[in-house]
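Asker: Before I ask anything, here is the structure I am working with.
Just so you know, all these numbers are worked out from the coordinates, no wet-lab data involved. What you are looking at is a predicted structure, and each value in this text was computed from that prediction instead of being measured. Cβ atoms come from the backbone with ideal geometry, glycine included; neighbour counts cover every protein chain shown.
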Amino acid sequence: MIHFDTTLTNLRRDVIRTFAVVDEWFDKEDCLHRFKPPTGGWSTGEILEHITLTSHYLLILIDKGADKCMKLTNNETLADALRDYSFIHPKLEAIGEHKSFMWDRPEHMEPTGAKPLADVRRDLRDQLDRCLCTLELLKNGEGVLYKTTMTVNDLGKLDVYQYIYFLSLHARRHVTQMKAIEEEFNQALSH
């Protein structure tokens, strides 16, 4: 159980840290949020909206998975599942690396730019709370009891904890992208 407690503590810290870094991007200048890279792509404002849109849909799956986990929980089943549990997934870390694989996102995860960034930020903070509440609900390891297929990067079956980590990695991926856009923005200002 000590191994799992460490995994859960590390996951909670990662989620909090990642959301804090994303949250700081809302304090950047409006002109940066609107800046479109000359090479094409989204602005940082659109990326922030995309992060919360994607997290919204991931949290639907996470909530359903958490509900199923709680229904499946009994001490014997949980003890067996945790005995050989490994949080490590060979393809999961790539989710946090910008341009590490190709994937066509669904249209419903495309930012529209119509939502005010203050509302997007509020959504982001609510999503952090939901992640932390789920981790608290599943604090004894129940989240390993149910897996859902993740087609991104051919990940296959992920448990609820791995889905939450995916959500965090996805945000981290886009932080890297926003940093690159900020560099382009600063270069454009200096010329």
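Asker: Residue 151 to residue 83: extension gain in nm, 0.36 nm per residue of separation minus the Cα-Cα distance?
Answerer: Length difference between fully extended and current span is 21.8 nm.
Asker: Related question: Provide the gained length on full extension for the span residue 190 to residue 94, in nm with one decimal, where the gain is 0.36 nm per separating residue minus the Cα-Cα distance.
Answerer: That pair, residue 190 and residue 94, stretches by 31.2 nm at full extension.
Asker: Of the residues 159, 80, 126, which exhibits the maximal mean-square fluctuation in a Gaussian network model of the chain defined by a 10 Å Cα contact cut-off?
Answerer: 80
Asker: What net charge do the residues around residue 60 carry, taking every other residue with its C-beta under 15 Å from that of residue 60, with Lys and Arg at +1 and Asp and Glu at -1?
Answerer: Spelling it out: positives minus negatives among the neighbours equals -1.
Asker: What is the distance in Å between the Cα centroid of segment 35-56 and that of segment 1-24?
Answerer: 24
Asker: Here is a follow-up. Listing 55, 86 from the residue with the fewest other Cβ atoms within 10 Å to the one with the most, what is the order?
Answerer: Going from least to most buried by this count: 86, 55.
Asker: Could you count how many Lys pairs in segment 1-125 have their Cα atoms under 24 Å apart, skipping same-chain pairs fewer than 8 positions apart?
Answerer: Taking the Cα cut-off of 24 Å, the pair count is 7.
Asker: First obtain the Kirkwood hydrodynamic radius of segment 57-191 from its Cα pairs, then insert it into the Stokes-Einstein equation at 20 °C and 1.002 mPa s, and state the resulting D in µm² per second as a whole number.
Answerer: So the translational diffusion coefficient is about 127 µm²/s.
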